[in-house]
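See structure below.
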Amino acid sequence: MVAVRQAVFEDAEALARIDLVTWTSETSPVPAPQVDTYDFFDERTSPADVLVAEVGGTVVGYVKLRSVLHPPSRSHVMEINGLAVDPSHQREGVAPHLVEAAVEESARRGALKVSLRVLGPNARARRLYERCGFVVEGVLRGEFVLDGRPVDDVFMARRLDDGDRDIWGITTHDWSVDVDVEHLAKARQAAESLGDAMALHLVLEVLAYADDEAEAAGRRGCVRVVVRGDEIQVADDGRGTDTRRDAEGRVVRKPIMATRDVRFFDEEDPVLLPDGLPRRGMSTVSAASPSLLHDNWRTSGAWSQEYRFGTPQAELRELPPTGRTGTTVTVRLPSPVDLDLTQLAVLVRGFAHVDVEVSGGRGADGAPPTPDRR
Ligand SMILES: CC(C)(COP(=O)(O)OP(=O)(O)OC[C@H]1O[C@@H](n2cnc3c(N)ncnc32)[C@H](O)[C@@H]1OP(=O)(O)O)[C@@H](O)C(=O)NCCC(=O)NCCS
């Protein structure tokens with residue numbers, strides 16, 4: 001599985017190696033870096049501007065981002081100014097993850113447009129960017145002379161304010177579908193077949209997303225699980241479920257509750273959660289729950305929606321900002337939850353990127369946790 005996180009200085013050697021093995025005059029207009037003296041990070045590139053992709057803990061690719069700060073009238077534009085994937089991991093879908101993460105990071109920083117330049121002959125990269133929703137905005141003909149031949153510089157961009165749900169890209173869920181009724185029926189069946197193991201497993205399904213997100217962001221997350229009566233609440237301190245505006249300005253939250261996670265459901269060789277059972281995705285949780293409340297706090301706003309067996313009950317409701325970000329899932333199960341909290345506290349240690357606090361009884365207010373409240 002591909003995980004994307006922010007770079008750290010320690011990645012420098014791996015990233016320099018990837019640059020050196022992927023450089024050709026088809027991919028870059030500048031001379032090849034010198035093997036002995038090449039430093040990936042310098043005064044123009046800091047780890048904060050770079051996202052790296054890892055497969056099985058090994059760095060296999062990167063994307064570089066640059067803010068266009070001057071003049072201020074262009075400050076809504078972010079640039080992708082570097083992308084490469086180790087040849088031994090090319091054609092595995094690593095680059096689309098990187099580009100999507102770069103777009104999400106740009107949106108998080110407030111960008112309305114992400115632009116880039118690609119050499120005309122770099123057909124593979126151009127196709128990749130097109131698949132990721134970038135369009136050609138202009139071509140500088142013969143802008144470079146490489147290996148004695150004139151080469152075009154192609155300007156491409158993806159607007160983040162055009163609201164076209166069909167080109168938002170599918171990394172985990174299909175944005176263009178609101179509810180997948182057929183899938184929800186299957187997901188409910190799958191959850192119910194777990195019998196007594198269901199409640200525990202559903203908590204792990206939710207925690208897996210907080211763990212993924214913390215891993216992708218290269219941070220340690222903090223999650224609170226509270227069990228009371230027939231209700232389980234899982235609150236994380238991540239970025240809050242991805243939420244965007246469509247062409248009509250309607251708020252659209254990634255349909256994680258009502259559609260399938262394309263990475264997990266029905267996998268022949270499934271990823272296992274710490275209870276040893278296959279990961280099937282968040283929709284399994286909502287499909288099994290007579291009532292589920294999904295609240296997300298993002299830097300751009302906060303929203304809440306109730307689901308019954310995975311089907312949304314009303315439009316997204318706006319929540320007042322709290323100054324924090326995160327996602328809270330509150331599940332009401334068909335009968336009082338008989339969870340062994342000690343067993344849960346042990347199992348959650350299987351998530352490597354989050355600290356999980358497990359408790360029973362009252363006291364949760366549904367807001368994302370903060371370090372001082374843990
Ligand atoms: C361009 C680049 C980043 C693409 O990385 P990638 O991770 O291989 O990208 P993808 O996985 O999407 O795959 C690219 C191709 O493999 C195909 N592919 C993807 N998954 C596949 C799979 N499982 N089986 C077979 N083919 C697959 C894609 O359809 C795509 O085909 P295409 O080239 O015919 O369009 C990479 O080739 C690279 O590092 N190039 C050198 C640096 C560079 O050019 N950077 C861009 C500068 S602007």
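The values are calculated or read from the model by the stated rules, or taken from the named source; none is laboratory data. Just so it is clear, the structure is predicted and the values come from calculations on it, not from any experiment. Note that we place each Cβ from the backbone using ideal geometry, even for glycine, and neighbour counts take in every protein chain shown. Heavy atoms of the whole protein, side chains included, go into the accessibility calculation; ligands, DNA and RNA do not. Shrake-Rupley method; radii C 1.70, N 1.55, O 1.52, S 1.80 Å.
Looking at R141, R117, can you tell me which residue is away from the ligand (no atom under 11 Å from the Cβ), in a strand (DSSP E or B) and not small (G, A, S)? Give the steps one after another, and end with the answer.
Numbers: R117 fails: away from the ligand (no atom under 11 Å from the Cβ).
Sole residue among the options that is away from the ligand (no atom under 11 Å from the Cβ), in a strand (DSSP E or B) and not small (G, A, S): R141.
Got a sec? Which of T27, T58, T37, T22 is within 16 Å of the ligand (Cβ to nearest atom) and farther than 24 Å from L119 by Cα? Please lay out each step first, then the result.
Values: T27 fails: farther than 24 Å from L119 by Cα; T37 fails: within 16 Å of the ligand (Cβ to nearest atom); T22 fails: farther than 24 Å from L119 by Cα.
Exactly one of T27, T58, T37, T22 is within 16 Å of the ligand (Cβ to nearest atom) and farther than 24 Å from L119 by Cα, namely T58.
Checking the conditions here, which among V135, V154 is outside the structural domain of P290 (by TED's automatic domain parsing) and open to solvent by 50 Å² or more (accessible area, probe 1.4 Å)?
V135
If you check every pair at least six apart or on different chains, which have Cβ atoms under 9 Å apart with a residue in the range 315-326 that is farther than 18 Å from A235 by Cα first and a residue that is open to solvent by 70 Å² or more (accessible area, probe 1.4 Å) second?
Filtered contacts from the range 315-326: E315/R250; L316/R250.
Condition check ((1) open to solvent by 40 Å² or more (accessible area, probe 1.4 Å); (2) among the charged types (D, E, K, R); (3) free of Cβ contacts under 8 Å to residues at least 24 places away in the same chain) across all residues:
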{"site": "L184", "(1), (2), (3)": "no, no, no"}
{"site": "G195", "(1), (2), (3)": "yes, no, yes"}
{"site": "A199", "(1), (2), (3)": "no, no, no"}
{"site": "V206", "(1), (2), (3)": "no, no, no"}
{"site": "A210", "(1), (2), (3)": "no, no, no"}
{"site": "D230", "(1), (2), (3)": "yes, yes, no"}
{"site": "G238", "(1), (2), (3)": "no, no, no"}
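If we keep just the residues of the range 84-104 that are open to solvent by less than 20 Å² (accessible area, probe 1.4 Å) and among the charged types (D, E, K, R), which is nearest to the ligand (Cβ to nearest atom)?
Checked the range 84-104; the qualifying residue nearest to the ligand (Cβ to nearest atom) is D86.
Given the structure, is D19 buried (at least 19 other Cβ atoms within 10 Å of the Cβ), within 26 Å of the chain's Cα centre (by Cα) and not assigned by TED's automatic domain parsing to the domain that holds D242? Show your work before the answer.
Working: buried (at least 19 other Cβ atoms within 10 Å of the Cβ): no; within 26 Å of the chain's Cα centre (by Cα): yes; not assigned by TED's automatic domain parsing to the domain that holds D242: yes.
It is false that D19 is buried (at least 19 other Cβ atoms within 10 Å of the Cβ), within 26 Å of the chain's Cα centre (by Cα) and not assigned by TED's automatic domain parsing to the domain that holds D242.
Let's see how each residue does on (1) over 18 Å from E215 (Cβ atoms); (2) not aliphatic (A, V, I, L, M):
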| site | (1), (2) |
| --- | --- |
| A7 | no, no |
| A12 | yes, no |
| A32 | yes, no |
| T58 | no, yes |
| K64 | yes, yes |
